[in-house]
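Scroll down for the structure; my scribbles are underneath it.
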Amino acid sequence: MKLDQLFESAKNVLQGNWNGSFTIPSPTLYPHQWSWDSAFIAIGNSYSNTERAIKEIEFLFDAQWTNGMVPHIVFNDKEKTYFPAADFYEITRSPYAPKHIGTSGMTQPPMHAIACYYIYHNDTDSQKTKSKQFLRNTYFKLKLFHKYLMTDRDPEKSGLVTILHPWESGLDDAPVWDHALSKIKIEHVLKFQRLDVVAVDGAKNTIPSDDMYNKFIYMIELMKQFNYDEKKMYENFPFKIKAVIFSSILYIANKYLIKIAEIIEEKDTEEIREWITRCEKNFYKYFFPTGQKLEQNEDGLFYNYDIISKDWIQKKTISSLVPIYTGLIPNEQIPSFLKWILRWSGTEGKNHTAALPSVDVQEPYFKEFTYWRGPVWVNTNWMIYLGLLKYGQIDAAERIKQGILELVCNHGFREYYDAYTGEGLGGKSFSWTASLVMDMIKNTGIGIPSTGGRYK
Ligand code: 9WN
C-alpha cells in the first residue's frame, strides 16, 4: 500500500472511532475514553484535524480530579459493554472526584503535554490562534497533573513515579508485575463477569489470565476501601512499583511542558525544572541495577523497581528498552543497547518483522499471543523509534518503522500483533495504532525529545 493511502486509511480509523466527544480506542473492545490513548490519538489528529485533537484533550481534562489526577478512563455511561464500569469504581468515595461524569479511580502515563505540543506545532493556521489559546487553557491543568505525580506518587522526591495498579502502567499483564501480584492474596469472593472475553470471541489465550484479572479487580476493591486516599494508599497498598516507562514519559512530558510555557510566555517553570533535575539524578539509581558496569554490560538494561521488596524486577520486557526515548543514556552505552534492540527484533529470523515484541522472545515467560506478554504493540515501538532517531541511529529506527508499517499493511490497524506470524490480535480498528502510524509516515521529528540531560 502506498504511504499516502495508508495515511488516509489511518485517518479513517480515527474518524470512525470519534463519538462526538472523544475517540474510542477500538469499536470491538473499548467504548470509553482512555487517558494515554487519547494523547496518542491527538498526535495523529494533530496532522489532520486540529479542532478534534483539541476537543479530545479538553474532554479528558474536564474529568481531571481536583487533586490533579487524570483518571485512566472517562466513562460514556450509555455504553454497557465494558467491565469494570463507572459504578464499580464508586469514585464518590473521594472528595477529589468529579461530580459531573464517571471516571476510574486510577491514572495512566502522562503523554498529554507531548500531544499538546504536537497540536500547536501542526496547527496549519499561521497565527495558531486556536492552538495557542488551547495551550493557555491547558497548561495549568497539565502542570497540576504532573504535580500530583511528583507529590502523591513520589513522596521520595526522586522525580520518578510509583504506580499502585498494573493498569496504571498501560502494560497490564506484563510479566514484570507477576512477582508483586503473587504476594497479593484475594481475601474475599469477587462477584463479576469478565466482558473482554466476549469481545475477543473467547480467545482467552490472547488476554490476561483469570488469575491476573481477579487481582486487577481485587486491587480496585482495595483502592475503594482506602477511599482513594493517596497518602493512606502509599503507606499501606500491597503493590507499589517505580515504573520505568511511566517515569520516562513524565520526564519527556515535563520537557514539553517547558516548551509550552515558552510558547504561552509563562515564566515560572522553576518547579518543572526541579522535577526534571530530580529524574536525571535518580533515573539510573532506581532503574539500572547497581553493580552493572556500563562497558561490561552483560545486561545493561533498565528495570522497574519494586518499592515493597526493595528490589529490581529483572524481567526482559519492552520496559527495559523504552528509556532510550528519554535521551538519558550516555552515548557510550548506545552500542550495547543497540545489540539488545537487534536481538529483540529477532535477528534469529523467527520474528515476523523487525518490530519489537513486548517481551524478549528468548525468555521463558515470552508468550506469542498473550497481550503484553510477548506480542508487538505500536506505541512502545514508536517511543523506541523516536529514541533511536534522537541518537542518530537512523537505520535501526527505520527497521522498526518498516516493521510496523508492514504489520499494519498486511494485518490491519490492530491492538497488538503476533510476534512470529504478524497476525493481528485484540481490538480491531485500533486508534493509537492508526495515529502513531500517521506520525511515522509524516516523519516530522516533533516527537524526538529535546537534548539536555545528565549525559548530554
Ligand atoms: C485497562 C485502552 C487500554 C489501554 C491499555 C491496555 C488496555 C485496559 C483493559 O486497553 O487496558 O485499562 O481493559 O485491558 O492495556 O494500555 O490504554 O486501549
For C116, C409, order by how many other beta-carbon atoms lie within 10 Å, fewest first: C409, C116
Listing E51, E332, E415 by rising number of other beta-carbon atoms within 10 angstrom, fewest first, gives E332, E51, E415
FRET efficiency, 1/(1 + (r/R0)^6) with R0 51 Å, evaluated for I258 and Q402 via beta carbons: 0.95
Within-12-Å neighbourhood charge of S104 [Cβ basis; K, R +1; D, E -1]: -2
Under the Karplus relation 6.51 cos²θ - 1.76 cosθ + 1.60, θ = phi - 60°, what is the ordered set of whole-Hz ³J(HN,Hα) values for the range 142-151, x standing for Gly and Pro? 5, 5, 5, 5, 5, 5, 4, 5, 8, 10
Residue by residue through the range 102-109, the couplings from Karplus 6.51 cos²θ - 1.76 cosθ + 1.60 with θ = phi - 60°, in Hz, x for Gly and Pro, are x, 9, 7, x, 9, 10, 8, x
Nearest 0.05, what FRET efficiency do E235 and D268 give at R0 = 30 Å with Cβ-Cβ as r? 0.40
Using 1/(1 + (r/R0)^6) with R0 = 35 angstrom and r between the beta carbons of L190 and E156, what's the FRET efficiency to the nearest 0.05? 0.60
Please report the spacing between the Cα centers of the range 306-329 and the range 36-90 in Å, no decimals. 27 Å
Where labels lie 7 Å past Cα in the beta-carbon direction, separation of I308 and S182 in nm: 1.4 nm
Using alpha carbon centers only, the range 378-456 is separated from the range 113-172 by a whole-angstrom value of 21 Å
Could you give the length gained by full extension between T66 and S209, i.e. 0.36 nm per residue of separation minus their alpha carbon distance, to one decimal place? 48.0 nm
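Please go through the residue pairs K55/K259; K259/K367; K78/K157; K99/K285 and name each one whose alpha carbons sit more than 31 Å apart in this structure.
Details: K55/K259 21 Å; K259/K367 40 Å; K78/K157 41 Å; K99/K285 40 Å.
Check vs 31 Å cut-off fails for K259/K367; K78/K157; K99/K285.
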Given 180-191, 15-26, 158-169, the highest-first ranking by average Cβ count within 10 Å works out to 158-169, 15-26, 180-191
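Quick note: the coordinates plus some simple rules give every number you see, no bench work behind them. Just so it is clear, the model here is predicted, and its values are computed rather than measured. Because the Cβ atoms are built from the backbone with ideal geometry, glycine has one as well, and the counts that use them run over all protein chains shown.
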